[in-house]
Amino acid sequence: MKPALKIRLLITFTILFVTSIACNLLKTGKPAPTGAFYCDALEYGFLTTYPVFTVKPDGVVNDGILGKEGKWKFNSTKDSFTFSDEISFQSAEFNLQNNYWSLYIRPEYKEEYSAGQFVGSAEGKLRCYLAYPDR
């Protein structure tokens, strides 16, 4: 094999190797924000926050208001959660511009959150913040 061909092959394989590593790094993305999330509510006419849910690193989410538990999945490219099982939430999306999470409530639970005077619950969503991150 000619030396020029060896160099071209070496360069090609090096480029493929580096590209493969870069693609794998992009796939993994950033880790899910885990910890205690507090959401806005009204108390005696004043805006306050309450601990509403906790996203645990082991894939479990706890609903601190209704005492339900479920599973979560995080999409790092969209900065969003989806929830399943007994939990009263459908999904959550991060609003980067305003630095809060929009937490979407399952329709059958809207009244319970409205009774607790949570802001936005009548529309089926809450404004929440990662108050106590695990990391």
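The values are calculated or read from the model by the stated rules, or taken from the named source; none is laboratory data. Not measured: the values here are computed from a predicted model. Here Cβ is always computed from backbone atoms with ideal geometry, including for glycine, and neighbour counts include all displayed protein chains.
Summary table below
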quantity	calculated
Wholly within segment 54-135, strands (runs of 3 or more DSSP E) carrying at least 3 residues that are among the hydroxyl-bearing types (S, T, Y)	80-85, 100-105
Failed criterion for L47 (all others in (1) part of a strand (DSSP E or B); (2) surrounded by 15 or more Cβ atoms within 10 Å (Cβ to Cβ); (3) not β-branched (V, I, T) hold)	(2)
Members of segment 63-80 that are free of Cβ contacts under 8 Å to residues at least 40 places away in the same chain and either exposed (fewer than 13 other Cβ atoms within 10 Å of the Cβ) or within 25 Å of N98 (Cα to Cα) (or both)	D63, G64, G67, K73, N75, K78, D79, S80
Test for S102: is it modelled with pLDDT of 95 or more and of a type outside the set (K, R)	yes
